[in-house]
Amino acid sequence: MSRVESKAGYFMVMPYFVYFAAFVAYPLFFSFILIFHRWNIVTPMEFIGLKNFVRLFRDELFFKAIINTLIFLSIHIPLQIVIALFFANLLNKQIKFRAFFRALYFLPVVVSGVVITILWQQIYAYETGLINQMLLGLGFKKIPWLVSPEIAMPSIAVMATWKNVGFYIVLFLAGLQSIPNELYEVAEIDGASNFQKFFRITLPLLNPTVVLVVVLSTIGGFSLFIEPYILTGGGPLDSTLSAMLYIYNQAFYFNHMGYAATLGFFFAMVILIIVIIQRKFIEREVY
Amino acid sequence: MRRNALTYITLVIGAIFFAYPFLWMFFASLKPETQISELWFMSENLSFKNYSTVFAKIPIVRAFFNSLFVSTAITFSVIIFGSIVGYALSRLNFKGRDLILFLILFTMMIPFQITLIPTYVLIVKLGFVDSYAGLIFPAMMNSLAILIFRQFFLTIPQSLIESARIDGCNNLQILFKIIIPLSKPAVATVGILTFTSSWNEVLWPLIVVRSEKFMTMPQLVTIFVVGGQAGSQLGVQLASATLLALPIIVAYVFFQRYFIESLARTGLKE
Amino acid sequence: MKSFLFLFILFFVFGCSNDQKNAFNQANKKLTYWCAPNPEEIELAKILVDKWNRLHPEIQVEVQALPAGQSSEEVLLAAIAGGTTPDVCSNIWPGAIAEYIKAGGLVALDEFEDFDSLISARKIPVDLLESFRSKDGHFYQLPWKTNPVMLLYNVKIFEKAGIERAPRTYSEFFEACEKIKELGIFPGYTDIRPIWWQRFFDFYPFYIASSGGRTFFKGDDLDIDYEIAVKVFDFFRTCFKMKYFPITNFQVDPFLSEKIAMRFTGPWTITYLEGNKPSGFEYDFAPIPVPDDYQGKVYTYGDPKNIAIFSTTRYKREAWEFVKFLVSEYSDSLLLEICNQLPIRGDLLENKKFADYFNRNLKMKIFAEQAPFTRGVDEVVEMKEVFDAISREFEACAVYGAKSPDEAVKNLIKRTKVIIEWSK
């Protein structure tokens, strides 16, 4: 590290400082102003004090949206971890074509969420969807994947898992490959079963990766927007209304800028709290 | 041997699970409307009719170039500024260096939900609605990219930098002539990450762009499918989705190793 | 690398610049006119503007289609905010007018001396006209065109099911549904997604029809007919419960593929049906069914679009002359020919100028008869959110049967009051 004070340093970080001021500091600052006003962009802002918050706390739809998102996460995250671990384990063995399988599983991760959603709209369609056709062919009844208020959100969670699990397979695979073989060898000598090897060696050592998977999935889950936007418009019976979709509607359909900013602020706080709680509970010291 | 067979079978089933939907979508877009729901790919009446409808109804080629332009611009900007700031933070000494680092980490923690609306208002005030500026500027710099570069640059031996300085190079020259060429993995990582995520970004364009002239490809397809311009013609919708998926899939086929490695590397950063 | 950078900059500059308007720049007075972004209306606008420009070399008009892709209302609102409004726009939805007026964006048209004579020449029925008057007593929009929502049905299926004529009351409707069900076809269909404008094609027209032309508000106050609203919710609830309407979203057009026999739609469907129908397919239209005890003319929702002049205009008088031209008999007949949409006039079927068109387009006659008996939406700023609330209640009560019609209407009134409160 150079010990000389470098003026050049100031110049080099100046662009970032400008960017920060314009796109981070100003929006944050402005959002603190917006949440105390009512505004539809066209007419002047109206100061309304805490009314936005009063409205928020009475807004059943918004809390339903948050709960919907939590339902989504409670299905998506465990499903993701189990499937990703499963396939990562398989890929960790001595097999040929590992790169091919890995690449294929990873494909949905890079393809646009829009494509995935349009595709799954056909897979999930009630009358003519792919899954229901297969079910009918096997003699079962059709399932209302996106039309039933109980099943709709879980269906979206499954779709999101399909899209993202490839990424987590790659992460777990990297994590698995960094576990030294000697640990397993020693355990075998001690007579440990596969079961014990997995739960006492593999999982604990994978903890950092698991934490990462949980945090990333959570943050991704809270941004859930384009899937309900395209698939269901928030229905049926508001069961797939995500918080972001609700905020988007408030801001850009109904032009309630102040209220939408308030919702965004509150929602951001919820996210921060949940992420902190998650880290506390899931993070373990790795020896 | 038997255990291995089971492994392979499971992996192949998985592969089908991930590949079938895409293949189905492609073939369905070629089929006549009444045959679309069929599970199997082949049919006697395959044609590209739906694709011509897509090209006729929406400016998808323009949207493709919009996306290409915007994503390339953003990627370049993020790489250039990310490396400059990363260099300054890793190799130069100045007051406030730690403050900037703190600001960067702080930015990463802020959920975008809180800044979305005010940033939109800012864009309106600057007159950047319905313009490339509105799409590019808010994404010009990226904290994660700065951190990745900084991390990587820390590993470059000081001696290399010293000898370049002795040769009379200034800081920017050191960065671009010496350090960057040595940092190919970091550049690739940042480049691919930035390009892919900006290409697939759809919420921000939906907010900032209203005119078809400036829409990005995912945005245009979304509006096409949701807005009813495709009528109830399913084949046309699927054709537009296939067109949207095509560029990234093509890039992926060629650069697949870099894609996977860069995304994996960011995971390991944490 | 360098050449790439150069191309890059070129593209950037090119992409950001505006089009040239040469001839336009040479005229003395210039007006910009925005039309709706669909191909037919664009064609109509071009023809009308061409004719005007030839007749009025000193007042040149330039036409632009509203940007396609997202709602015109948002675009216009953003234009008002940014001061980039046109002089004249012909895609004004009455539901959004309240916001434009609040922002001071529109010119009061009744201040022109010949406004009244223009209106009476078009023979617009008084009650329809009054629905376009704004709260401060002025007219900020000139009634232009309407697309009445009516009942569309498959003639062949009706014959096969032994239905003699289109159902006129709720009971007749249910009887017809029973007969069609026996053929193994879904009698009717409406899109069940809780999107606010979907209700323009089920709940709202039925409410207007069953209440003899009432809308939801009187001025700023909520004025829903409780009984009627309950009846309408109950009607649709029965439809879904008895499986007359399927609880699904069809991906492929169900009417043309004869999966359903009826739906509720407007005259714009005719162009689509004619262009895509299989051979031998026959269809027709009828008024919206009303409750059995209903007497009088059947009204419906007309999805009107009107013309407005923006207050940023520098040539008020000239803009008004252009607007008058847009609603002349000549322009109206082209609106019929090219767009298959109805001008808001009371003399559609009597006026000789349109006789030829209606003789060639018999199906449009039904719509022309319906046209004077339509309603739009109220001029309330929060209209979209109100319809969003209606959609939620509709979904819960009618589609999923989770609420009784009474509960749905009570909840609707409650939520609407909250929505209005919040906007005060």
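In chain C, the DSSP-assigned H stretches of four residues or longer account for a calculated mean residue ellipticity at 222 nm of -13000 deg cm²/dmol, using -39500 (n - 2.57) per stretch and the full residue count as denominator. Each of C:PHE264, A:PHE87 was scored by other Cβ atoms within 10 Å of its Cβ. Listed from fewest to most, they are C:PHE264, A:PHE87. The Cβ shell under 12 Å around B:GLU33 holds other residues with a net charge of 0, Lys and Arg each +1, Asp and Glu each -1.
Using alpha-carbon pairs under 8 Å, 6+ residues apart, how would you state the relative contact order of region C:39-189 in percent? That works out to 12 percent. How many angstrom lie between the C-alpha centres of region A:59-78 and region B:34-91? The two parts, judged by their Cα centres, are 31 Å apart. Sorted from longest to shortest, the spans of the Cα atoms of region B:122-201 along the three principal axes equal 48, 24, 16 Å.
What number, in nm² with one decimal, is the all-direction average of the projected area of the convex hull of the alpha-carbon atoms of region A:121-222? Mind dumping the intermediate values first?
Numbers: hull surface 37.8 nm².
The orientation-averaged projected area of the Cα hull of region A:121-222 comes to 9.4 nm².
Calculated over region B:1-47, the projected area of the Cα convex hull averaged across directions stands at 3.8 nm². Taking a span of 30 Å or more along the helix axis (Cα atoms) and a mean Kyte-Doolittle hydropathy of at least 1.0 as the rule, no DSSP H helix of chain C qualifies.
With a simple spin-label model that places each label point 7 Å from the Cα along the Cα-to-Cβ direction, the separation between C:THR84 and C:LEU349 comes to 4.6 nm. Taking Cβ atoms as reference points and 9 Å as the exclusive limit, the residues near C:CYS339 contribute a net charge of -3, counting Lys and Arg as +1 and Asp and Glu as -1.
For A:THR43, the shell of other residues with beta-carbons less than 13 Å away shows a net charge of 0, using +1 for Lys and Arg and -1 for Asp and Glu. Could you give log10 I(q)/I(0) at q = 0.10 Å⁻¹ for the protein assembly as shown, computed by the Debye formula over C-alpha point scatterers of equal weight, without solvent? Each listed q corresponds, in turn, to -1.32.
For the pair A:PHE29 and C:ILE247, a Förster radius of 56 Å applied to the C-beta separation gives a FRET efficiency near 0.70, rounded to the nearest 0.05. Kirkwood's formula applied to the C-alpha pairs of chain C gives a hydrodynamic radius of 23.2 angstrom. Set the bar at 19 Å for Cα to Cα. Now go through A:LYS64/A:LYS163; C:LYS179/C:LYS259; C:LYS30/C:LYS51; C:LYS181/C:LYS277 and name every pair that lies beyond it. Pairs exceeding 19 Å: A:LYS64/A:LYS163; C:LYS181/C:LYS277. Across region C:96-254, Cα-Cα pairs more than 29 Å apart make up 37 percent of the total. Say the cut-off is 25 Å between C-alpha atoms; which of C:LYS123/C:LYS352; A:LYS93/A:LYS280; A:LYS51/C:LYS102; C:LYS384/C:LYS424 go over it? Cα-Cα > 25 Å for A:LYS93/A:LYS280; rest within. So which DSSP H runs in chain B come out at 18 Å plus along the axis (Cα) with average Kyte-Doolittle of at least -0.5? The qualifying helices are B:2-28, B:60-91, B:97-109, B:112-126, B:184-200, B:234-269. Residue by residue along A:131-144, Cβ atoms of other protein chains within 10 Å of the local Cβ number 1 on average. Partner shielding of B:123-136 amounts to 2, given as the average count of beta-carbon atoms from other chains within 10 Å of each residue beta-carbon. Legend: calculated FRET efficiency, B:ASN170 to B:ASP98, from the Cβ-Cβ distance at R0 = 25 Å, rounded to 0.05, equals 0.55. Inter-chain Cβ neighbour count for A:94-107, averaged per residue, equals 5 (cutoff 10 Å, partner chain atoms only). Relative contact order of region B:54-265, taken over Cα pairs closer than 8 Å and 6 or more residues apart, is 35 percent.
Take every Cα pair under 8 Å whose residues are at least 6 apart in sequence, average their separation, divide by the length of region B:1-47, and the relative contact order is 29 percent.
When you filter the chymotrypsin sites (Phe, Trp or Tyr not before Pro) in region A:119-206 for DSSP loop state and at most 12 other Cβ atoms inside 10 Å of their Cβ, you are left with A:PHE140. Fewest-first ordering of A:LYS280, C:LYS135 by other beta carbons within 10 Å of each residue's beta carbon gives A:LYS280, C:LYS135. Taking only the C-alpha atoms of chain A, Rg followed by Dmax gives 23.8, 78 Å. Applying both filters, DSSP loop and at most 11 other Cβ atoms within 10 Å, to the GluC sites (Glu not before Pro) of region C:156-208 gives C:GLU164. Arranged from fewest to most other beta-carbon atoms within 10 Å of their beta carbon, A:THR43, A:THR161, B:THR34 become B:THR34, A:THR43, A:THR161. If R0 equals 30 Å, the separation of the Cβ atoms of A:LEU136 and B:VAL250 corresponds to a calculated FRET efficiency of about 0.25. Treating each Cα of region C:38-93 as an identical point scatterer and ignoring solvent, apply the Debye formula and state log10 I(q)/I(0) at q = 0.15, 0.18 Å⁻¹. Calculated log10 I(q)/I(0) at the listed q: -0.50, -0.69. How large is the Rg to Rh ratio of region B:54-265 when both quantities use alpha carbon positions and Rh follows Kirkwood? The Rg/Rh ratio comes out at 1.05.
Read-outs throughout are calculated quantities, based only on the coordinates presented, and are distinct from any laboratory measurement. As the structure is a prediction and not an experimental result, all values here were calculated from the model. Note: ideal-geometry Cβ built from the backbone for every residue, glycine included; neighbour counts use all protein chains shown.
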